[in-house]
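K.L.:
Take a look at this one; I'll ask things after.
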Amino acid sequence: MLDARDVACPYCGETVTLMLDASAGAQHYIEDCTVCCRPITVVVDVDDAGGLALSVYSQDEA
C-alpha cells in the first residue's frame, strides 16, 4: 500500500508529494524535486508496526 507524504524541498522550499511503500522496508534513494528539479535524498525507515519515518536532505546535507 502506498502512503502519500508531503515534504518541503530542501532547496526551493516548495511542497512535494512523495509516494512511499512501507512494504519495501527501509529505503534510501534520490528523487528529483518536481518544482526545481534538484536531487532530494530520501530516507525512509519502517518500524515493526509498519509506521514510516521520513527524512529528506539536500545533496550537501546527506
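K.L.:
Can you tell me, using C-alpha contacts under 8 Å and at least 6 residues apart, the relative contact order of the chain as a whole percent?
P.N.:
27
K.L.:
Now for a different question. Given charges of +1 on the Cβ of Lys and Arg and -1 on the Cβ of Asp and Glu, with all other atoms neutral, how large is the dipole of the chain about its Cα centre, in debye to the nearest 20?
P.N.:
140
K.L.:
If Rh is defined by the Kirkwood formula over all Cα pairs and Rg also comes from Cα, what ratio Rg/Rh do you get for the chain?
P.N.:
0.97
K.L.:
First select every other residue whose beta carbon is under 15 angstrom from the beta carbon of residue 4; then total the charges, Lys and Arg +1, Asp and Glu -1. Please report the intermediate quantities before stating the final value.
P.N.:
Numbers: positive: 5; negative: 3, 6, 21, 31.
Around residue 4, the surrounding residues sum to -3.
K.L.:
Right, something else. Name every cysteine in the chain that ends up alone, with no second cysteine's Cβ under 4.7 Å, or say none.
P.N.:
So far as the 4.7 Å Cβ criterion goes, 37 stand without a partner in the chain.
Values in this text are rule-based calculations from the coordinates and carry no lab data. It should be emphasised that the depicted structure is a prediction, and the values quoted were computed from it without experimental measurement. Counting neighbours? That spans all protein chains shown, and the Cβs are built from the backbone with ideal geometry, glycine included.
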